[in-house]
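The values are calculated or read from the model by the stated rules, or taken from the named source; none is laboratory data. Only a predicted model underlies this, so the values are computations on that prediction, with no experimental measurement involved. Here the Cβ is made from the backbone with ideal geometry for all residues, glycine too, and neighbour counts use every protein chain on show. Please note that ligands, DNA and RNA were not included when accessible areas were found on the heavy atoms of the full protein model with its side chains. Shrake-Rupley method; radii C 1.70, N 1.55, O 1.52, S 1.80 Å.
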Amino acid sequence: MTKTVTTIVAPEGSLEVLSQHEVERLRDTSGSGLHDLLRRCALAVLNSGTPTDDSREVLETYKDFDIEVIQEDRGLRLKLENAPAGAFVDGRMIRGIREHLSAVLRDIVYVSNEIQNNDSFDLNNSQGITNAVFHILRNAGALKSGYSPNMVVCWGGHSISREEYDYSKSVGYQLGLRHKDICTGCGPGAMKGPMKGAHVAHAKQRFDGGRYLGISEPGIIAAEAPNPIVNELVIMPDIEKRLEAFLRVGHGIIVFPGGVGTTEEILYLLGVLMHPNNADMPLPVVFTGPASSAPYFEQVDAFIRSTLGPQAANRYQIIIDDPVAVAMAMCHGIDRLTLFRRDNDDAFYFNWRLTVPLEFQQPFNPTHDAMAGLNLGLEQPVHELAANLRRAFSGIVAGNVKEQGIRAIEEHGPYQLHAPGELMRQLDSLLKAFVTQHRMKLPGSNYQPCYELVG
């Protein structure tokens, strides 16, 4: 029987009071209310550390869990019913989890009140979306002025081998020795490894200000709950704003082995960097893994070259089995980025000069019709192909681990992706390799593909 705890806790952080209207919306269980969103995100945070990447399984395991916001004269309280017992020690909630729970509440309230229901933000144009990303990050305290660039974004799979995890930890360690901070998707695997390695290195260097920034979104947080190293958590409203946030706050990007989610991130990154306005913008990008991962990166590199072309491949370097070389490449690249930002009077804490086309910013709802209608033809401009390939992989992520996607697959069958001959062969080869290497789901899971490739 699943152990649970019912209790009342106070938030840990800056959000101490809410208006009556905000409290009512958080309690509202209707479609226009925020209660379901708060409940799902809160449960994900409280369930951190559980070895599952199936968000529906988490919700069904704790179907009796509920959260209620209580506004008292002395401040805000959260009533938790049937919460996962693992979030507590001797009846008291673990402080890091309490901080993450408060971050969830803070971002849900802010996005609803100040972004989605605010005419000041036009979420139908590129500038408005970028402004929204900036304000969400600023409200969360994630934008630190007065510091030289040192934030390294690390991407990679939640389902990786022990060897790949240890390697990501070694890279994080080398970055930490060089006083670099880490930003990831906040989950397990290649998101936890670099943070853990950097945390040890920061301790050795007596570097007290180490930042371990995790950026998530409601659809993925249950499958990739925040790992315990994360000391700053931000919940963006959707995957597209999450991806833009990575590129706006990061000063360098490292990609470890992963699956479709990591490929989605790679396609987003390269599609944005290939926009003509970004041609001269420095951003160090390194693909890396242990020696056993060399075939994985060879396959990913071949897929990029065959679909997006050699120009896209020129935006990254591949370094195999050498954490020191990876860290040094990041340091040199960040030095060049720093000079560029200074020469162009651009902020260190937010990359305003980066052009993110609207097709990379607009939320994509991976319905069966939307997936089948994606244009994957090679005749379109390269950055548009990258945008559509990114949407395809985003849909596969939804079908693999997101509650709504899993239910849609069960009801209507696999998504269908229509691709021309050569691209279909490349996609088929890459996706089959991910399945064989257990990169679609956590090891031990019986993976049933949520997609079909149609010529």
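What the table shows:
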| read-out | value |
| --- | --- |
| The one condition in (1) open to solvent by less than 10 Å² (accessible area, probe 1.4 Å); (2) in contact with a strand residue (DSSP E or B) (Cβ under 7 Å, 6 or more places away or on another chain); (3) not in a loop (DSSP other than H, G, I, E, B) that E244 fails to fulfil | (2) |
| Count - residues of segment 277-296 that are in a strand (DSSP E or B), of a type in the set (A, V, I, L, M) and over 19 Å from W352 (Cα atoms) | 1 |
| Filter result (closer than 17 Å to G157 by Cα, of a type outside the set (A, V, I, L, M) and open to solvent by less than 10 Å² (accessible area, probe 1.4 Å)) within segment 278-295 | F287, T288, G289, P290, S293 |
| Residue count for segment 211-221, restricted to those that are surrounded by fewer than 24 Cβ atoms within 10 Å (Cβ to Cβ) and modelled with pLDDT of 95 or more | 1 |
| Residue among L417, L389 that is under 25 Å from V272 (Cβ atoms) and out of contact with any Phe, Trp or Tyr (no Cβ under 8 Å at 6 or more places or on another chain) | L389 |
| Extreme residue, nearest to T288 (Cα to Cα), among residues of segment 192-201 that are open to solvent by 10 Å² or more (accessible area, probe 1.4 Å) and touching a strand residue (DSSP E or B) at 6+ places or on another chain (Cβ under 8 Å) | K192 |
| Subset tally (residues that are open to solvent by less than 50 Å² (accessible area, probe 1.4 Å) and part of a strand (DSSP E or B)) for segment 312-339 | 1 |
| Inter-residue pairs, beta-carbon under 6 Å, first under 9 Å from N139 (Cβ atoms) and in segment 100-114, second β-branched (V, I, T) and crowded, with 24+ Cβ neighbours inside 10 Å, 6+ apart | D107/I235 |
| Test result for D238, surrounded by fewer than 22 Cβ atoms within 10 Å (Cβ to Cβ), within 29 Å of L101 (Cβ to Cβ) and not aromatic (F, W, Y) | yes |
| Residue under evaluation G271, criteria (1) under 26 Å from S126 (Cα atoms); (2) open to solvent by 40 Å² or more (accessible area, probe 1.4 Å), criterion not met | (2) |
| Conditions (1) in a helix (DSSP H, G or I); (2) open to solvent by 40 Å² or more (accessible area, probe 1.4 Å); (3) not polar (S, T, N, Q); number of the one not met by D122 | (1) |
| Matching helices (runs of 4 or more DSSP H) fully within segment 1-114 where at least 1 residues are open to solvent by less than 40 Å² (accessible area, probe 1.4 Å) and either out of contact with any strand residue (DSSP E or B) (no Cβ under 9 Å at 6 or more places or on another chain) or modelled with pLDDT of 90 or more (or both) | 35-46, 55-61, 95-110 |
| Hits in segment 116-169 (condition: over 20 Å from the mean Cα position of the chain (by Cα) and of a type in the set (A, V, I, L, M, F, W, C)) | F121, L123 |
| Identity of the residue in segment 286-333, in contact with a Lys or Arg (Cβ under 8 Å, 6 or more places away or on another chain) and small (G, A, S), that ends up nearest to Q380 (Cα to Cα) | A312 |
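Here is a yes/no grid of residues against (1) in contact (Cβ under 8 Å) with a residue 40 or more places away in the chain; (2) open to solvent by less than 30 Å² (accessible area, probe 1.4 Å):
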{"position": "F134", "(1), (2)": "yes, yes"}
{"position": "L137", "(1), (2)": "yes, yes"}
{"position": "S159", "(1), (2)": "yes, yes"}
{"position": "R162", "(1), (2)": "no, no"}
{"position": "V171", "(1), (2)": "yes, yes"}
{"position": "I182", "(1), (2)": "no, yes"}
